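The values are calculated or read from the model by the stated rules, or taken from the named source; none is laboratory data. Small disclaimer: the values here were computed from a predicted structure and weren't measured. Glycine gets a Cβ as well: all are built from the backbone with ideal geometry, and neighbour counts include every protein chain shown. Surface accessibility is based on the protein's heavy atoms, side chains included, excluding ligands, DNA and RNA. Shrake-Rupley method; radii C 1.70, N 1.55, O 1.52, S 1.80 Å.
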Amino acid sequence: MADAMEQLYQQVILDHAREKHGYGLLDGAAGESFQVNPTCGDEVRLRVHLADGTAAPVIERVSWEGVGCSISQASISVLSDLVCGANVARADELTETFRAMMNHRGVPLTPEQEDLLDDAGAFVGVARYPARIKCALLGWMALRDALVHALTTDPETAGSSSS
Amino acid sequence: MTTTQNLIPTAAELAAIRADFPLLARTVRQGRPLVYLDTAATSQKPECVIDAEQDFYRRRNAAVHRGAHQLAEEATEAYEGARAAVAAFVGVDTEEIVWTKNATEGINLVAYAMSNASLGRGGAAAERFRVGPGDEIVVTEAEHHANLVPWQELCARTGATLRWLGVTDEGRLDLETLSVITSATKVVAFTHASNVTGAISPVAPIVAAAHAVGAVVVLDACQSAPHLPLDLHALDVDFAVFSGHKMLGPTGIGALYGRRELLAAMPPFLTGGSMVQVVTMEETTYLAPPQRFEAGTQMVAQTVGLHAAVSYLGELGMGALAAHESELAVHLLTGIAGVDGVRVLGPTDPSDRLATVSFVVDGVHPHDVGQVLDDGGIAVRVGHHCAQPLHRRLGAQSSARASAGVYTTLEEIDAFLERLSQVRSFFGLEGTHG
């Protein structure tokens, strides 16, 4: 298979698509989001779980379930690793950097961005395929939305409903 | 390019057909020849269609059905000439063709006209279009969303109930479920050929069941019009819709066929200029069909393009094209059956089906299948193809779809099959072919 496919489907992406870190919804979430990609029907339900006893909110973990292509599934898996232990500012920074990478049509990352994005940097090749950008962003949109819910919902009652 | 009627085009004839389509000469993704297998989504356009639209703008452009100048006359002639040509192409009378912007608009036109009738518009003449609580509208589980959602909405507006014919495991309409058509049924709307499974519907028994209870039949002919000889009068349907862009014509133009006496009795959907007789500040009387249903400035250049498209198809001969595509369907189905880990959604028997084949690859999402095919220059559709209920019925969330057209060759099918056989191994899965 040609190089272009190997650049798009880097091994780290194929591995995450198979392993799906964070897969399986957990109870006790502070916020939840359900996102659909209407063009292909891919969907994800993602929950944000906040750590106890921190002054400012810190993401303890995310849990999720969904169906989708390898790009979308791998992206959510990588996201689950990256935001573990992140505070809200860092989660926002990751989301914005990932979005910016998707909007730059395959422009190489700066060393700082590479450091920040870690495994998520493997998605740089996705930006060359405009039809796949939504796949890569699906989980990040869910994270942003779930965080909004987490930070605006009464933690006593959050996470018990299914959106 | 012309072919001998009803005979499969020879290799030389097919090469000449392909030469009529400028886009087919381009390359994609690192200079690969394009293998266009997405004709069910939209067809490519022959040069004569592109030229016809351009020529209209260059030499004859004017507003139709108004103005006393020569250009207005010529534009009106072109517009009405296109209507006559399209009507002849589908076996109906010229006045029975209403221009729409696509098939979706055609179905909505009928559904909204029925809403309006249900509110009393159109008076006693429109009584047969009224629906309300206790009435039923019958569709099928195989419909494109365009022939499902407008009917759901009509039911929601009027209190009527939506029912549907089922689909067999093989992906064909299940005639065992014809009993959903009862004396309460007012409309039976179904597709002539599925855009997912390629299955051609058994029109006659469904029309017979509908007419036996006095229901109006609406046929979605989007997928059949480009591939099969179509005679809507012989099919005895009451309404039918199709889209220009799927049958070698431009986007932005489609048509609604309506049986003459039904169009005459039906109140309008869109209202405004061009469709009126006498307008006062209080009220308005409407023109006879088809103008009653063509409000506002129409897509004249696109009708001219569609005229060129049906002339082109007519010269090739729909019998010959159907025979060609039947051969392609056999080749596609036989080839896919030989690739491990691939399941076809729809009939694998090539009879009564189009060369439109949706499939799922075990362990690989359709988007990823499409991406690997695209890397080989092969264009297929991925997703739910605007038919979520049908995918659900066939046990798939989405699928990839290869669909052939007049210009598709057996060699292109081979290139597709070769690439398809590499997909699972690329994603590290067992069971690759060959």
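In this simple spin-label model, placing a label point 7 Å from the Cα along the Cα-to-Cβ direction at both residue B:66 and residue A:26 gives a separation of 6.7 nm. From other protein chains only, count the Cβ atoms within 10 Å of every residue's Cβ in B:156-169, then give the mean. Rounded to a whole number, the mean comes out at 0. Going from the isolated chain to the complete set of protein chains, the stretch B:359-379 loses at least 30 Å² of heavy-atom accessible area (1.4 Å probe) at B:365, B:367, B:368, B:371, B:375. Principal-axis analysis of the Cα atoms of chain B puts helix B:300-316 at an angle of about 50° to the longest axis.
Phi angles across the stretch B:417-428 convert, under the Karplus curve 6.51 cos²θ - 1.76 cosθ + 1.60 with θ = phi - 60°, into 3J(HN,Hα) values of 5, 4, 5, 4, 5, 9, 4, 5, 5, 4, 8, x Hz, Gly and Pro given as x.
Relative intensity of the stretch B:303-378 on a log10 scale, I(q)/I(0) at q = 0.12, 0.19, 0.22 Å⁻¹, equals -0.50, -0.89, -0.99, per a Debye sum over C-alpha point scatterers of equal strength in the absence of solvent.
Between B and A, roughly 1600 Å² of accessible area is buried in total, ligands, DNA and RNA not counted and the probe set to 1.4 Å.
Using heavy atoms of the protein chains and a probe of 1.4 Å, the accessible area assigned to residue B:299 is about 40 Å². Working from label points 7 Å from Cα in the Cα-to-Cβ sense, the residue A:131 to residue A:3 distance is 2.4 nm. Across the stretch B:256-262, rounded Karplus estimates of 3J(HN,Hα) from the backbone phi angles (6.51 cos²θ - 1.76 cosθ + 1.60, θ = phi - 60°) give 10, 8, x, 3, 3, 6, 6 Hz, Gly and Pro being marked x. Contact-buried residues of the stretch A:26-69, at a threshold of 40 Å² lost accessible area versus the chain by itself: A:40 (1.4 Å probe; DNA, RNA and ligands ignored).
Straight-line cross-link partners of residue B:246 among the lysines, defined as a Cα under 18 Å from its Cα and at least 8 positions apart when in the same chain: B:45, B:101. Across the stretch B:91-108, coupling constants 3J(HN,Hα) worked out from phi with the 6.51/-1.76/1.60 Karplus curve, θ = phi - 60°, read x, 10, 7, 4, 6, 8, 9, 10, 6, 9, 7, 5, 5, 4, 5, x, 5, 5 Hz, and Gly and Pro carry x. For the stretch B:276-409, the equivalent ellipsoid derived from the alpha-carbon gyration tensor has semi-axes of 41, 22, 14 Å in decreasing order.
Computed over Cα pairs, the Kirkwood radius of the stretch B:157-265 leads via Stokes-Einstein (0.890 mPa s, 25 °C) to a diffusion coefficient of 165 µm² per second. With kT/(6 pi eta Rh) evaluated at 25 °C and eta = 0.890 mPa s, and Rh the Kirkwood radius from Cα pairs, chain B diffuses with a coefficient of 108 µm²/s according to Stokes-Einstein. Ordered by solvent-accessible area of protein heavy atoms (1.4 Å probe), largest first, the residues A:47, B:26, B:60 come out as B:26, B:60, A:47.
Against chain B, whose longest principal axis is taken from its Cα atoms, helix B:203-212 shows a tilt of about 30°.
Among DSSP beta bridges whose residues both lie in the stretch B:25-182, state the antiparallel percentage, nearest 5. If we restrict to bridges inside the stretch B:25-182, about 40 percent are antiparallel.
GNM remark for chain B: springs join alpha carbons under 10 Å apart, and the peak mean-square fluctuation among B:351, B:194, B:274 falls on B:351.
Across all directions, the average projected area of the convex hull around the alpha carbons of the stretch A:2-152 is 8.7 nm².
By the rule of a C-alpha distance below 28 Å, with chain neighbours fewer than 8 residues away ignored, the lysines paired with residue A:20 are A:134. Solvent-accessible area per residue in the stretch A:2-152 equals 43 Å², computed with a 1.4 angstrom probe and all protein chains kept.
Averaged over peptide A:5-12, the number of partner chain Cβ atoms lying within 10 Å of each residue's Cβ comes to 3. Averaging 1/r over each pair of different alpha-carbon atoms in the stretch B:198-331 and inverting the result gives 17.1 Å, the Kirkwood hydrodynamic radius.
With Kirkwood's inverse mean 1/r over C-alpha pairs for Rh, give me the Rg to Rh ratio of the protein assembly as shown, two decimals please. Rg divided by Rh gives 1.02. Carbon and sulfur atoms: what percent of the 1.4 Å accessible area of the protein assembly as shown do they account for? Looking at the protein assembly as shown in its full context, I get 51 percent from C and S.
Of all beta bridges that DSSP places with both ends in the protein assembly as shown, some 70 percent have antiparallel geometry.
To the nearest ten degrees, helix A:130-152 and the longest principal axis of the Cα atoms of chain A are 10 degrees apart.
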